[in-house]
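J.: What follows is a single structure, and I will ask about it in a moment.
The values are calculated or read from the model by the stated rules, or taken from the named source; none is laboratory data. Fair warning: this is a prediction, and the values are worked out from it, not measured in the lab. When we count neighbours, we look across all protein chains shown, and the Cβ atoms used for this are built from the backbone with ideal geometry, even at glycine.
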Amino acid sequence: MRAISPFCTVLLSVALGVGGVLLGSPAAHGQQTDPHGSTDAGHSPSSRLSQDDIAKMLPPTDMGANAAREDHAHLPAIDDSPATPFDAASIPANPLAPQADAIGAKSCVACHAQENVQASHTLHVASFRAGAANTGPQAACESCHGPGSAHAKDPTAPGLIIAFTHDAKTPPQVQAGVCLGCHAGGARQHWIGSIHQNRGLSCTDCHNPMARLSPEGVLAKSSINEVCATCHQDIRAKFNRRSHMPLPEGQMACTDCHNPHGSITRPLLKTDTVNETCYTCHAEKRGPFLFEHAPVRANCLNCHDVHGSNQQTLLVAPIPMLCQQCHTMTLHPNDLQSAAGLGTGPHPDERLIGRGCLTCHSNIHGSNNPSGPKFHK
Ligand code: HEC
Ligand code: HEC
Ligand code: HEC
Ligand code: HEC
Ligand code: HEC
Ligand code: HEC
Ligand code: HEC
Ligand code: HEC
Ligand code: HEC
Ligand code: HEC
């Protein structure tokens with residue numbers, strides 16, 4: 001501990017600027033606990049960080065949306081000024097109360113003690129508080145709920161404060177506009193025009209920033225899959241079928257494949273095609289193969305039902321019927337197989353027993369063997 005002299009600490013702090021404030025604190029702490037050290041540092045650890053320092057360390061409130069545009073010369077920058085820090089978060093306009101003014105978080109808390117207790121430790125409220133400690137009316141509540149003077153005068157009149165529930169008077173696009181004021185771009189680049197936006201969903205159908213209900217993502221339920229299942233119960237139920245990817249087991253989420261905020265691919269896929277989505281995890285199916293099986297290249301969904309199936313390996317139909325949907329006139333006689341051809345019948349037929357067609361055509365996704373054009377190897 002003694003090796004780090006106060007002089008070094010000062011040098012470090014100066015050299016590293018704001019970062020140094022962070023580094024400086026533990027060093028100062030060390031000096032005070034060292035029985036032989038001098039106490040000339042004279043600061044308690046917490047007093048080294050001013051509110052200004054904290055405000056500078058908070059991320060920009062526009063989430064870097066503009067920075068992404070700088071890489072694309074053809075996109076006009078929305079705004080050249082630096083990102084708005086938390087302490088200057090703007091207060092969104094409420095079209096249903098155009099005359100209202102901001103009254104500051106202290107006034108809201110006076111009537112909403114319970115919501116205050118719930119929300120005080122949340123990412124947003126805590127950050128807005130830290131950021132705004134030195135500035136004008138505290139925007140901790142009104143940066144989301146809009147100016148509150150009209151609502152404070154007449155609390156029971158709906159619409160005078162921006163509310164985020166589905167039955168709220170505030171229209172969904174105003175609700176979403178509040179969040180997009182800071183969260184436009186990035187994953188939400190295609191929110192406008194997405195099916196969820198078109199069907200009148202608001203950000204708060206899936207997110208609840210007022211309470212900590214999920215470990216991350218400030219979701220309205222404890223997990224992503226539960227959020228989606230509030231509306232897509234049929235899809236969630238398919239994952240309970242005999243064959244399914246490990247989503248009910250908690251190892252996958254709907255958002256591994258879908259971007260609920262909108263995408264350029266139907267249905268809200270994260271990648272350009274279905275197959276690209278599958279290759280993100282099943283990379284070995286991408287190939288390249290010496291001998292390709294045309295329907296595999298075309299679309300994995302020719303044979304698989306991604307959300308779940310009662311056939312083995314997510315197949316859309318049992319074998320051999322799956323293959324016979326397309327292969328009707330092959331070298332093999334492809335007649336309707338009968339009970340006689342089953343393993344227990346008088347004339348067992350290889351196309352029915354064991355793994356059916358796969359007994360011989362085992363590399364069904366493609367083959368790299370020089371003698372594998374029929375996917376035997
Ligand atoms: C004078 C007390 C008072 C003050 C000050 C006050 N509220 Fe309210 N607020 C209420 C009451 C009472 C209700 C419940 C109204 C109802 O249920 O009809 C309410 C309801 C709300 C709702 C739900 C509205 C809806 O349509 O569902 C929100 C959101 C809200 N307040 C936020 C705020 C914010 C943010 C502030 C500070 C800018 C604030 N309130 C200041 C008393 C107050
Ligand atoms: C990040 C944005 C955000 C901030 C900051 C915020 N709220 Fe909220 N508030 C919401 C959302 C979203 C909802 C709707 C939650 C839900 O789905 O039930 C909400 C709901 C409410 C409600 C209505 C509760 C109900 O059961 O209908 C009140 C009252 C409220 N907030 C008060 C406050 C107060 C007071 C503060 C400041 C301490 C605050 N909010 C800060 C976004 C915010
Ligand atoms: C004044 C700006 C501002 C507003 C308004 C705002 N946010 Fe945020 N939000 C932030 C910042 C800054 C972060 C922290 C980003 C980080 O840590 O990288 C954040 C984080 C988040 C996160 C990520 C949480 C996590 O665990 O990673 C979600 C989800 C989110 N906000 C949703 C919302 C929703 C929904 C609304 C509208 C009800 C909203 N925000 C309103 C600034 C804002
Ligand atoms: C249909 C449900 C749904 C809707 C609607 C929705 N989100 Fe999300 N959002 C999610 C889920 C689920 C995640 C977590 C994604 C993950 O962790 O992969 C998320 C993550 C986020 C994050 C943190 C991660 C990131 O991408 O930076 C932010 C911020 C966010 N959403 C903001 C918004 C805003 C703003 C809106 C409204 C315009 C919105 N969301 C609408 C489901 C939704
Ligand atoms: C509040 C209800 C609601 C929630 C929650 C919700 N959705 Fe949706 N979703 C809808 C509606 C409504 C549609 C449009 C259905 C239609 O038109 O057939 C839709 C459509 C979709 C589609 C189909 C898109 C298309 O182009 O056909 C996908 C994929 C989807 N949602 C994924 C998700 C995921 C993933 C989540 C969870 C992060 C989620 N949804 C959460 C309501 C919801
Ligand atoms: C492994 C990737 C993957 C996962 C995980 C996944 N999906 Fe899908 N989802 C897809 C693909 C691919 C399609 C396109 C299906 C089609 O075109 O027939 C699709 C289609 C959809 C559709 C629209 C078409 C339909 O079948 O109604 C909805 C809604 C949907 N998914 C919701 C969900 C929900 C909710 C979850 C989580 C419970 C989820 N998905 C998990 C890949 C996935
Ligand atoms: C996020 C990663 C991920 C993505 C994306 C993904 N999968 Fe999977 N898939 C898995 C995991 C994990 C398993 C389970 C592997 C195991 O149990 O050994 C699996 C298993 C499977 C199985 C075998 C199921 C069984 O019952 O044996 C099939 C078939 C499958 N996936 C098809 C697809 C298709 C088609 C797509 C594209 C629409 C896709 N997967 C996208 C992770 C993914
Ligand atoms: C022509 C039909 C067909 C198409 C198209 C198809 N598969 Fe398959 N897939 C099968 C069959 C049949 C099995 C079972 C193989 C077995 O039991 O040996 C299977 C098994 C799987 C498995 C689990 C066993 C393994 O080999 O890892 C995964 C994962 C898988 N497929 C992914 C995909 C992906 C990804 C695509 C798209 C690139 C795709 N499949 C396209 C027929 C198909
Ligand atoms: C969606 C339609 C479709 C399905 C389902 C399908 N195939 Fe194919 N298969 C094709 C097409 C198209 C070709 C390429 C034919 C060509 O090149 O002349 C092909 C080629 C083949 C070949 C190589 C034929 C040759 O002449 O080289 C074999 C072997 C084969 N499939 C076996 C199977 C088996 C076994 C299954 C079931 C697990 C199956 N296929 C499912 C469409 C399908
Ligand atoms: C006992 C092994 C075996 C089984 C079981 C089997 N095949 Fe074959 N299949 C072959 C062999 C060997 C060839 C190559 C014949 C040749 O090259 O002359 C072949 C060729 C094919 C071809 C290419 C035909 C062509 O015109 O070149 C298709 C398609 C095919 N099989 C589909 C199927 C389907 C569908 C099934 C299930 C109903 C099936 N096979 C079951 C051994 C088998």
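J.: Quickly run through segment 246-262 and pick out the residues that are outside any loop (DSSP other than H, G, I, E, B) and surrounded by 16 or more Cβ atoms within 10 Å (Cβ to Cβ).
T.: Passing the criteria: CYS254, THR255, HIS258.
J.: Condition first: exposed (fewer than 14 other Cβ atoms within 10 Å of the Cβ) and either closer than 18 Å to LEU123 by Cβ or under 13 Å from the mean Cα position of the chain (by Cα) (or both). Now tell me which residues in segment 225-240 satisfy that.
T.: Step one: filter segment 225-240 for residues exposed (fewer than 14 other Cβ atoms within 10 Å of the Cβ), giving 230, 233-234, 237, 240.
If the condition is that a residue be exposed (fewer than 14 other Cβ atoms within 10 Å of the Cβ) and either closer than 18 Å to LEU123 by Cβ or under 13 Å from the mean Cα position of the chain (by Cα) (or both), then no residue fits.
J.: Please verify whether segment 311-319 includes one or more residues that are free of Cβ contacts under 8 Å to residues at least 60 places away in the same chain and touching a Gly at 6+ places or on another chain (Cβ under 9 Å).
T.: The answer is yes, given that some residue of segment 311-319 is free of Cβ contacts under 8 Å to residues at least 60 places away in the same chain and touching a Gly at 6+ places or on another chain (Cβ under 9 Å).
J.: Additional query: Under the condition of being in a loop (DSSP other than H, G, I, E, B) and in contact with a strand residue (DSSP E or B) (Cβ under 9 Å, 6 or more places away or on another chain), which residue from segment 189-213 is farthest from GLN118 (Cα to Cα)?
T.: Across segment 189-213, the extreme among qualifying residues is CYS206.
J.: Take the conditions under 17 Å from ALA119 (Cβ atoms), surrounded by fewer than 17 Cβ atoms within 10 Å (Cβ to Cβ) and within 13 Å of the chain's Cα centre (by Cα) and apply them to GLY186. Does it pass?
T.: Details: under 17 Å from ALA119 (Cβ atoms): no; surrounded by fewer than 17 Cβ atoms within 10 Å (Cβ to Cβ): yes; within 13 Å of the chain's Cα centre (by Cα): yes.
So GLY186 fails the test.
J.: Out of the residues in segment 290-312 that are closer than 19 Å to SER367 by Cα and among the polar types (S, T, N, Q), which is nearest to ligand 6 (Cβ to nearest atom)?
T.: ASN299
J.: Looking at segment 307-320, can you tell me whether even one residue there is at pLDDT below 90 and over 41 Å from the mean Cα position of the chain (by Cα)?
T.: No - not one qualifying residue is present in segment 307-320.
J.: Specify which of the listed residues (SER202, SER222, SER243, SER214) is within 29 Å of CYS278 (Cβ to Cβ) and crowded, with 17+ Cβ neighbours inside 10 Å.
T.: Result of the check over SER202, SER222, SER243, SER214: SER214.
J.: Is it the case that some residue within segment 227-247 is within 30 Å of SER143 (Cβ to Cβ) and in contact with a Pro (Cβ under 9 Å, 6 or more places away or on another chain)? Before you say what the answer is, go through the steps one by one.
T.: Pass one, segment 227-247, residues within 30 Å of SER143 (Cβ to Cβ): 227-228, 230-231.
Going one step further and asking which of them are in contact with a Pro (Cβ under 9 Å, 6 or more places away or on another chain), we end up with 227-228.
Scanning segment 227-247 turns up at least one residue that is within 30 Å of SER143 (Cβ to Cβ) and in contact with a Pro (Cβ under 9 Å, 6 or more places away or on another chain).
J.: Also: State which residue is farthest from ligand 7 (Cβ to nearest atom) when the search covers only segment 324-377 and only residues that are more than 19 Å from VAL296 (Cβ to Cβ) and of a type in the set (A, V, I, L, M, F, W, C).
T.: Only one residue tops the list, namely ALA340.
J.: Taking segment 205-258, which residues are in contact with a Leu (Cβ under 9 Å, 6 or more places away or on another chain), more than 21 Å from ILE195 (Cβ to Cβ) and at pLDDT below 95?
T.: ASN208, PRO209, ARG212, LEU213, VAL218, SER222
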